[in-house]
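Step one of this worksheet: look at the structure below.
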Amino acid sequence: MIKRLSVLLTLIVVAVLAAPAAVAQDEVILRYPITPDPEHLNPFTATTIAIGTITRPIYEGLVFIDQSTGEASPRLAESWDLSDDLMTYTVKLREGVLFHDVEGIEWDDREVKAEDYVWSAHIYASSDETISKHPEMMDDVVGIDEFRAGEAESISGIELVDDYTFTVTLKAPNRLFFTVSAGAITIVPREAYEQLPDFSNRPVGTGPFMFVEWLRDDHITLVANPEYWQEGFPKVDGIRFINVPDANTELLMYRQNELDFLFHFPTGQFAAIREEFPDEYNEMPGLNMRYFGFKMSTGFFAENPLVRQAFAHAFNRELVWNDLMEGVRFPGTLGVLPPAMPASTPETIYEYNLDTAAQLLEEAGFPNGEGIPPIDLYVFSSAKDELSLPVLQEDLRTLGVTLNIVVEDAATYWDHIGQDDVLMFLSGWSAGIPDPSDTLNYLFMNERDDTKYKNPEVDALLEQAMAEYDPEARADLYLQAHNLIMEDSPVIVSAYSKVTWLQKPWIESFEPGGGGSYTAHLWPVSVNTDLLP
Amino acid sequence: MGKYIIRRLLMVIPTLWGVFTILFILAFMMPGDPLRAVLGEEYNRLDPEVIEATRERMGLNDPFHVRYLKFLEQMLRFDLGESQVHEESVSAIIGYRFPRTAQLMIGAMVVAVLIGLPAGIVAAERQYSWVDHWLMVVALIGVSMPVFWSALLAQLVLTQEPLAVFPVAGYEEGSVRHMMLPSLVLGAYYSATLARVTRSSMLEVKTQPYVTTARAKGLRYRVILTRHQLRNALIPVITVIALDIGGLLGGAIVTETVFNWPGLGRAIVPAIMRRDTPVILGILIFGAFLYIAINLITDLAYVLINPRIRYE
């Protein structure tokens, strides 16, 4: 009896294992690892890159933004005119672009019209945060204040001209109209928003891929949009975003051909993986900057600018990032703007030199570090193994300064570092677009960042640069601001991100840009089926 | 019996209320800001007015008693609330994930019982033989090996060439193929405890007078073993299995992460990281409820196994 049972069991096990995985052979599906899961898929309330990764192939806006120059090129907008006073955009939409078909809405070849832009813009403009998390995108449109105050039914600065044409009038010129302002919104069909009960988790756009299903924490499936307006695209039949929470698992899956890409390298294995997959490894400069911030509004560092400069000289970035961390990032030797950003290097940069650092400390009145209180450096838990910490600690120790490392979990850390008792912390910033404003305005303007840095001169220059349309004059303004910031030294720049990934030999035309896997356009990506295993 | 069950069910209310209160206080005392926890550096990009309005809506500005009463009132209406991070209700989150965790738990339990019970019986029947020694050494290793380690090890060996028997990870609509390795890893861990408990319980029963009587009557070995020994030895074994099911709810977190299994554990860890209080409370209270329910069922199962046990 037991014998018979065990034979049966063995047969079942063999049968299950021998069963082929449920993959249709003739369909080409990109298998793209993600983590964490998106919070939801509602573009109006999206705040994280995890959401953007999934909605980017589904929803579209007026323009494409070049990842290296920030230049806009036509997308749903076929063309546009800017008035001579730089305040009014007249946008002409591409004709014949269709929204995806979706179960639950009765429509037939629903075309994108100018009124879809107008409607979407009004949703974005809402001051109810459950409806829109990005009202600031519409802040500089004429008539926005009256609309929000309830005095007007619609925003007077947005006008419908005909089915495919509309105008947007701004309060002041904004050269980033298409990247961060009213020109950057995505166009959503009103019917989906109003009629789909699960709109937040069921995106419907015009993009190259259409939403199929989302199995939480497992995978999200998209299929190619057969009626996509860019003829011949997308090049694959679908995308499967596979949630892989553990980098080691991601590596094992990649090795077994269960994934077409690898984006998260397990800690400490970067060099080994590069060696294992020399032909599949790719890298490009990223838009993130990693830094140690000083509290600039109060406390020890606020009172001692020379000590800040001394610390900036006393950190061996090259040792950390080129050697100890196996080259996962670029050492931060070019100031506060990453190399992927079109910007010039400032004149003041802090080279690693312990003698200069000691000299600065002496000038500041702390010879051999005497009189400097022990410093607590706050770090979020996922960065606790970063070797920049012991290196900085050791470099400062030789100067006679004690640095204690305080590790906090992310929620506590982010809440804590804004407070006055935190004098030094490790942080980072990712620019969403390759424009210096997207880093400088958030980190060094109007005490916006947790350093609470404020320099009216810098504020004025950044303000001026926002309104400067001439690229050369603008670059000069940014250089001036950059120099002042480096002089003030509110941060020690540690590193710039490197976008690194593995891709299988059969993947072609994948160019993720400075934002990495989160901002990559997937419609041009193709699979060379001859190379498939 | 009926009265007993009703009394036990009524006891669930104060127990859950106690659990809720303790959890709520803990969640309230946790340092950190949910908004920043979700947004990280992106926080700087948001309009300060949006942030303030969100804070107000989430009730983050309310004092302790207001938030406590609000939550309690919700609970009384069997409403677990909305996640502060996902645009989804907590009951939808649990409804999606619990069946998946349960699936893994059942798989693990089947493995644990299939390995643990026979191993324990054989070890007891062949006490002090080399089989007994070997089984117990293996069981000791099994108990001492944390799941996160054995999971990684199993994944490294059994999913990669040349021994790529299982898929690396994933759920795949709950396919048996994807379920096997995580079940095996979790089940193997629990089988070790089960084998040890079964062994000692069987040994204890073996020397009881009724077993000697059965033998003296000349009953067949298999009848003595199954009807007289095993049935009486099962009470502590069932207790351990029931306790393990509770443990599996927690132990599955690691397994779920390593094997990309979309269960409850994968929801609660990020919820804690992001201070998503409704989700934390919802899942934990659901877990507590489940634990109480399993305990009740176990107590009732005793009656079926051993008719001498009576609840008045």
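Is there a residue in region B:120-131 that is under 23 Å from the mean Cα position of the chain (by Cα) and open to solvent by less than 50 Å² (accessible area, probe 1.4 Å)?
Yes, that holds for at least one residue.
Show me the strands (runs of 3 or more DSSP E) found entirely inside region A:210-305 where at least 1 residues are more than 25 Å from residue A:513 (Cα to Cα) and either modelled with pLDDT of 95 or more or in the same structural domain as residue A:521 (by TED's automatic domain parsing) (or both).
Fully inside region A:210-305 and qualifying: A:281-294.
Go over the candidates A:459, A:488, A:530, A:420 one by one and state the one that is within 27 Å of residue A:184 (Cα to Cα), open to solvent by 10 Å² or more (accessible area, probe 1.4 Å) and not polar (S, T, N, Q).
A:459
Looking only at region B:215-229, count every residue that is farther than 16 Å from residue B:308 by Cβ, surrounded by fewer than 19 Cβ atoms within 10 Å (Cβ to Cβ) and not β-branched (Val, Ile, Thr) and tell me the total.
Selection size over region B:215-229: 8.
Among the residues that make up region A:465-482, is at least one of them closer than 24 Å to residue B:36 by Cβ, among the aliphatic types (A, V, I, L, M) and not in a loop (DSSP other than H, G, I, E, B)?
No, that holds for no residue.
Kindly establish whether residue B:272 is open to solvent by 60 Å² or more (accessible area, probe 1.4 Å) and among the β-branched types (Val, Ile, Thr).
yes
Tally time: how many residues in region A:57-101 are part of a loop (DSSP other than H, G, I, E, B) and over 19 Å from residue A:227 (Cβ atoms)?
Within region A:57-101, residues that are part of a loop (DSSP other than H, G, I, E, B) and over 19 Å from residue A:227 (Cβ atoms) number 12.
For region A:97-114, how many residues meet the condition of being in contact with an Asp or Glu (Cβ under 7 Å, 6 or more places away or on another chain) and modelled with pLDDT of 95 or more?
The number of residues fulfilling the criteria is 4.
When residue A:377 is evaluated against the numbered criteria (1) in a strand (DSSP E or B); (2) modelled with pLDDT of 95 or more; (3) within 25 Å of the chain's Cα centre (by Cα), which criterion, by number, is the only one it fails?
So residue A:377 meets the others, but not (3).
Which pairs turn up if I take residues in region B:71-97 that are more than 10 Å from chain A (Cβ to nearest Cβ) and look for partners that are surrounded by fewer than 18 Cβ atoms within 10 Å (Cβ to Cβ) and hydroxyl-bearing (Ser, Thr, Tyr) with beta carbon separation below 6 Å, at least 6 apart in sequence or on another chain?
Taking only residues 6 or more apart or on different chains, the pairs are B:80/B:91; B:82/B:89.
Exactly one of these conditions fails for residue A:266: (1) more than 14 Å from chain B (Cβ to nearest Cβ); (2) over 30 Å from residue A:100 (Cα atoms); (3) not acidic (Asp, Glu). Give me its number.
(1)
When you go through (1) at pLDDT 90 or above; (2) more than 14 Å from every other protein chain (Cβ to nearest Cβ); (3) surrounded by fewer than 17 Cβ atoms within 10 Å (Cβ to Cβ) one by one for residue B:116, which number turns out not to apply?
Every condition holds for residue B:116 apart from (3).
I'm trying to understand the selection: among the residues of region B:24-61, which are more than 7 Å from chain A (Cβ to nearest Cβ), open to solvent by 40 Å² or more (accessible area, probe 1.4 Å) and not in a helix (DSSP H, G or I)?
Matches in region B:24-61: B:30, B:61.
Could you list, in sequence order, all residues of region A:487-505 that are of a type outside the set (D, E, K, R) and touching a Ser or Thr at 6+ places or on another chain (Cβ under 7 Å)?
Passing the criteria: A:490, A:491, A:494, A:501.
Considering (1) within 11 Å of another protein chain (Cβ to nearest Cβ); (2) in contact with a Leu (Cβ under 6 Å, 6 or more places away or on another chain), say which one residue B:198 fails and leave the rest.
Looking at each condition in turn, residue B:198 falls short on (1).
For region A:382-463, give me every one of the helices (runs of 4 or more DSSP H) that falls completely inside it and has 3 or more residues that are at pLDDT 90 or above, under 23 Å from the mean Cα position of the chain (by Cα) and away from every other protein chain (no Cβ under 11 Å).
So the answer is none; nothing clears 3.
Evaluate the following for residue B:215: is it over 28 Å from the mean Cα position of the chain (by Cα), within 12 Å of another protein chain (Cβ to nearest Cβ) and more than 21 Å from residue B:139 (Cα to Cα)?
Taking the combined requirement at face value, the residue does not satisfy it.
Are there any pairs with C-beta distances below 9 angstrom linking a residue in region A:297-314 that is closer than 18 Å to residue A:389 by Cα and charged (D, E, K, R) to a residue that is in a helix (DSSP H, G or I) and open to solvent by less than 30 Å² (accessible area, probe 1.4 Å), with the two at least 6 apart or on different chains, and if so which?
Filtered contacts from region A:297-314: A:308/A:301.
Across region A:324-348, what is the total count of residues that are over 24 Å from the mean Cα position of the chain (by Cα) and open to solvent by 60 Å² or more (accessible area, probe 1.4 Å)?
Counting residues in region A:324-348 that are over 24 Å from the mean Cα position of the chain (by Cα) and open to solvent by 60 Å² or more (accessible area, probe 1.4 Å) gives 2.
Taking residue B:186, is it more than 27 Å from residue B:232 (Cβ to Cβ), open to solvent by less than 40 Å² (accessible area, probe 1.4 Å), more than 14 Å from chain A (Cβ to nearest Cβ) and in a helix (DSSP H, G or I)?
yes
I'd like to verify a number: residues in region A:43-54 that are open to solvent by less than 10 Å² (accessible area, probe 1.4 Å) and facing chain B (nearest Cβ under 9 Å), how many?
Result for region A:43-54: 1.
Only one of B:270, B:236, B:262 is of a type outside the set (Gly, Ala, Ser) and in contact with a Ser or Thr (Cβ under 6 Å, 6 or more places away or on another chain); which?
Of B:270, B:236, B:262, the one residue that is of a type outside the set (Gly, Ala, Ser) and in contact with a Ser or Thr (Cβ under 6 Å, 6 or more places away or on another chain) is B:236.
In region B:133-166, which residue that is in contact with a Phe, Trp or Tyr (Cβ under 9 Å, 6 or more places away or on another chain) and not in a helix (DSSP H, G or I) is nearest to the other protein chains (Cβ to nearest Cβ)?
B:159
For residues in region A:501-526 being at pLDDT 95 or above and of a type in the set (Val, Ile, Thr), which is surrounded by the fewest Cβ atoms within 10 Å (Cβ to Cβ)?
A:507
One line per residue, one yes/no per condition, for (1) under 24 Å from residue B:85 (Cα atoms); (2) modelled with pLDDT of 95 or more; (3) among the aliphatic types (A, V, I, L, M):
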position	(1), (2), (3)
A:116	no, yes, no
A:128	yes, no, no
A:133	yes, no, no
A:150	no, no, no
A:165	no, yes, no
A:178	no, no, no
A:201	yes, no, no
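Can you pull out the residues in region A:121-131 that are more than 8 Å from every other protein chain (Cβ to nearest Cβ) and assigned to a loop (DSSP other than H, G, I, E, B)?
A:125, A:126, A:131
Between residues in region B:251-262 that are within 8 Å of chain A (Cβ to nearest Cβ) and farther than 16 Å from residue A:253 by Cα and residues that are open to solvent by 10 Å² or more (accessible area, probe 1.4 Å) and of a type in the set (Ser, Thr, Tyr), which pairs lie under 9 Å by C-beta distance while being six or more apart or on different chains?
Close Cβ pairs (under 9 Å, with a partner that is open to solvent by 10 Å² or more (accessible area, probe 1.4 Å) and of a type in the set (Ser, Thr, Tyr)) amount to B:262/B:96; B:262/B:171.
The values are calculated or read from the model by the stated rules, or taken from the named source; none is laboratory data. Keep in mind that this is a model prediction, so the values were computed, not measured. Note: ideal-geometry Cβ built from the backbone for every residue, glycine included; neighbour counts use all protein chains shown. These area figures cover heavy atoms from the full protein model, side chains too; ligands, DNA and RNA do not enter into them. Shrake-Rupley method; radii C 1.70, N 1.55, O 1.52, S 1.80 Å.
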